[in-house]
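Here the structure is laid out as structure tokens; the discussion comes afterwards.
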Amino acid sequence: MSGALLSVEHLTKEFHTNASFGRRAEVVRALDDVSFEVRRGETFGLVGESGSGKSTLARCVLRLIEPTAGRITFDGIDLRALDAKRMRRLRRRLQFVFQDASGALDPRMNVGELLAEPLEIHGVGDRNERRRRGRETLELVGLTNEMMDRRPHEFSGGQRQRVGIARALVLRPEVVVLDEPISALDVSVQAQVLNLLRDLQRELGLTYVFIGHDLAVAEYFCDRVAVLYLGHQVESASREQLFSRPLHPYTVGLFEAAPVPDPSRRSRQRRTIVRDDADMPSPLTGCPLQPRCPVGRHRKLCATTRPPLEEHEPRHVAACHFPGALIDEHAAA
Amino acid sequence: MVGRGDRWDHRAMSGALPDAPQRPGSQEPRDEARAPRVGDGRGRAWPRRLLRTDRQIAAALSILGALVIMAVLGPTLWRHSPTATYLADSLAAPSTAHPMGTDSNGRDIFARFIRGAGISISAGATVVFVGALLGGALGLVAGLARGIVDSVAMRVMDALLAFPALILAMAITIGLGVGIVSACAGLVLSTIPWYARLIRSEVLRVSQLPFIEAARAVGAAPGRIARRHVVPHVMPTLLVQAAGAFGYSIVALAALGFIGVGAQIPTPEWGAMITDGLPYTLTGQWWISVCPGLGLMLLVVAANLLADRVRDVLDPRGGYAR
């Protein structure tokens, strides 16, 4: 617990479909027993392919959707124990940056109003003070004063995301959850926004929870990274550990599926973990990856027993019966 | 019905698109799909520009304006009483003394025509205003509350919609006792479901847009989200529906008057006047029915022309990119 500003323990989220004529209600487990800790001032990354539950996790952490079970602690406060009003008040310290900035900004408001709204909600300052703070934050994200009177649709994608970031930062929060903040942007602007986020972190002492699917971005941006697969946390480690020697076969698969911008390395046979079928049922008893896993596909242990999330190296946890087996095999080949 | 595309072209050619003032520092290329459009409130001058360049709105508004001015100023300028009878002067053909002639009791049709315009416009506007207010509020509450409130409200609306609107209005009017006030009440009740259902579905759509979640993320309470983020987005839809219902309400009120359950005979209501004059059209005194009929037609056409353009100008779906 030492030094953790935000900690998530055994977080589970289930979605229920409604029963209708002749169909039974189904339960989809989007998050299954996810735990992690984020220390003050660091950037914690959550990566995984689409459908792995990243965005659900991001929303559950800030209670934008209500988790089914688990505990979320922020600065010693149990978030799930708060009533709606206290939670709203606490949001001042916990902010969210959305992937789709054009959707997340009310098109009928101009930038000045968008930036004043959070302050208004939390009763900060008077009208002039709020406007001043809005202007200040706008400059902080690299936009100019005269944009205060414009509406979101008058901006480019990158500028719009800067407005989204400014709106999150105008309250000077401590934790910012970034839900794929650059995925919707042009490649040319992605780096700019990423660097901006990094500068802001240094300047304002922010703690980030970064959701993404791009491993290269995660390696560049995050201090520690957790990998999600179908709602399960399969591995988590510091950036150095994870990117030098991933222990879980799924992480290895993610790395090897990533495009390599170097033709000389491309000749090597790509050993991807093929996703045969998007609806492939994850086994109820064994390892969730087992049907796709080059290591565990034919092993009985993997098919019958779910591997627990264990610390295999100092501060490097993985949920695998054969940690490191795949990366070692590939290294030998 | 002219297609949306045609109309857009027509408007573009007649220069109705306001040229957004090019602000310094906006080198960013604008997204074509989000080009500035009429009525997004960018410039305060757009209503005037709209009037100058949009002939349909200009025509509709001039007819409506003329009828309103006539209804307001007419009674003071044209000193004949709409209800006083001069039996000696009955069934007089249009002349300089009586521009629209007189009816069987010698009442001046022009005075009645003027008063009738006021009745139709004010009663129609009242019906629309009250109906939109109640129906919109009901839809908003149902859409925001969901659950049992929503189900009950919508089943009641379904029940009301099961009857043809005019038949329902007629039944309610008769139930309350014939007269123009009960006719208005009947029409309000029979039009409430239109607004309620429409606004409810709009509220449901808007509620799941990302900026609502974003508002929650900054700590906005449900009441504030409804007020600041949901209502402004469903307002254009409500206005469009209300504009469309204005013409309908006027016709329906006249229809109720015509069949005798609305305004009663000495009241110079256009529908009742048409009924009043009907027997005389066979004997050649056409002006008693035709004059209020023409007035009604003019008013309803203007109302519908306006409503038709209101839809495009407010463009509830196009105000923001989805």
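A short reminder: the numbers here are calculations on the coordinates, not readings from a lab. On a predicted model such as this, the values are computed, not experimentally measured, just so you know. Please note: Cβ atoms are built from the backbone with ideal geometry, for glycine as well, and neighbour counts cover all protein chains shown.
Take every DSSP beta bridge whose two residues both sit in chain A; close to 60 percent of them are antiparallel. Counting charges near residue A:35 (Lys, Arg +1; Asp, Glu -1) among other residues having Cβ under 10 Å from its Cβ returns a value of -2. Across chain A, C-alpha contacts under 8 Å between residues 6 or more apart give a mean separation that, scaled by the residue count, equals a relative contact order of 18 percent. Placing unit charges on the Cβ atoms only, positive for Lys and Arg and negative for Asp and Glu, gives the stretch A:4-238 a dipole magnitude near 820 debye about its Cα centre. Inter-chain Cβ neighbour count for B:204-216, averaged per residue, equals 5 (cutoff 10 Å, partner chain atoms only). A cut-off under 12 angstrom between Cβ atoms defines the neighbours of residue B:108, and their net charge, with Lys, Arg +1 and Asp, Glu -1, is +2.
Sequence neighbours fewer than 8 away in the same chain don't count; with that in mind, list the aspartates and glutamates whose C-alpha is under 16 Å from residue A:300. The reachable aspartates and glutamates, counting only those whose Cα sits under 16 Å from residue A:300, number zero.
Summary of packing: across the peptides B:229-236, B:57-64, B:92-99, the per-residue average of other C-beta atoms within 10 Å ranks them, highest first, as B:229-236, B:57-64, B:92-99. Compared with the dominant principal axis of the Cα atoms in chain A, helix A:111-121 is inclined by about 80°. Taking A:314, A:291, A:152 in turn, the Gaussian network model of chain A (Cα-Cα springs below 10 Å) assigns the largest fluctuation to A:314. Using the Cβ-Cβ distance between residue A:330 and residue B:133 with R0 set to 51 Å, the FRET efficiency from 1/(1 + (r/R0)^6) comes to roughly 0.15.
Taken about its Cα centre, the protein assembly as shown carries a charge dipole of roughly 600 debye when the Cβ of each Lys and Arg holds +1 and the Cβ of each Asp and Glu holds -1.
At a Förster distance of 56 Å, what's the computed FRET efficiency of residue A:303 paired with residue B:227, Cβ-Cβ distance as r, to 0.05? Computed FRET efficiency for residue A:303 and residue B:227 comes out at 0.50. The alpha-carbon of residue A:13 sits under 19 angstrom from the alpha-carbons of these lysines, leaving out residues fewer than 8 places away in its chain: A:54. Seen from residue B:98, the other residues with C-beta closer than 13 Å to its C-beta sum to a net charge of 0, counting Lys and Arg as +1 and Asp and Glu as -1. Of the residues A:312, A:213, A:232, the one that moves most in a GNM of chain A with alpha-carbon contacts below 10 Å is A:312. Note on residue A:83 and residue A:136: with the Förster distance fixed at 25 Å, the Cβ-Cβ geometry gives a FRET efficiency of about 0.15. For the stretch B:51-100, the ratio of Cα radius of gyration to the globular rule of thumb 2.2 N^0.38 Å stands at 1.66. DSSP beta bridges confined to the protein assembly as shown are antiparallel in about 60 percent of cases. The share of C-alpha pairs in chain A whose separation exceeds 35 Å stands at 27 percent.
Of interest is the spacing of the C-alpha centroids, which for the stretch A:194-256 and the stretch B:211-270 amounts to 52 Å.
Karplus-based coupling profile of the stretch B:140-153, in residue order and whole Hz: 4, 4, 4, x, 7, 6, 6, x, 5, 4, 4, 4, 4, 4, with θ = phi - 60° in 6.51 cos²θ - 1.76 cosθ + 1.60 and x standing for Gly or Pro.
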